[in-house]
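Notes follow once the structure below has been shown.
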Amino acid sequence: MTTNREIKCQPECDAEKLLKLLSGKWKPQIFRLAVEGPLRFSNLLRQIPGSNKQSLSVALNELVEEVMLEKQIIKQKPLHIEYVLTDKGRSLLGVFRELEALSDNQEPKQ
């Protein structure tokens, strides 16, 4: 079914940018694990099968740059870094839940 309405979107609309950001390598897995609590890099490497240092580092840095995660330096011995969801990151959890619900359904709802 076609309509006469055109969907007007800038060359790269906000929704498209968000989808690109969230679809990057390992990002859905990072979000899933971040819900459970602070993340450490070495733990992420162990918990995400197939991940490697470089691609995981890129994903974390992009999420920090977009203020989805906050990088916290923990000054206790041993010194380490933890990543935690920001308010902006937590606001996207509903989006992930909806996507999971859609993927669980065999037939689309109408």
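The values are calculated or read from the model by the stated rules, or taken from the named source; none is laboratory data. Values in this document were obtained by computation on a predicted structure and should not be read as measured data. These area figures cover heavy atoms from the full protein model, side chains too; ligands, DNA and RNA do not enter into them. Shrake-Rupley method; radii C 1.70, N 1.55, O 1.52, S 1.80 Å.
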Rg(Cα) / (2.2 N^0.38 Å) computed for the range 14-106, rounded to two decimals: 1.11
Heavy atoms of L19 accessible to a 1.4 Å probe, total area in Å² rounded to 10: 120 Å²
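Give, in nm to one decimal, the length gained when the segment between Q54 and E98 is fully stretched (0.36 nm per residue of separation minus the Cα-Cα distance).
12.9 nm
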Surface accessible to a 1.4 Å probe, R32 within the full protein complex, Å²: 120 Å²
Per-residue SASA entry for E70, accessible area with 1.4 Å probe, Å² rounded to 10: 90 Å²
Candidate residues I81, I48: accessible-area rank, largest first, probe 1.4 Å: I81, I48
Which of K53, K75, K27 is most accessible, then next, and so on - probe 1.4 Å: K75, K53, K27
Gained length - V67 relative to S91, 0.36 nm times residue gap less alpha-carbon distance: 7.5 nm
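Looking at this model, which pairs from K17/K71; K20/K71; K20/K75; K17/K75; K53/K75 are more than 29 angstrom apart at the alpha-carbon?
Table pairs above 29 Å Cα-Cα are K20/K75; K17/K75.
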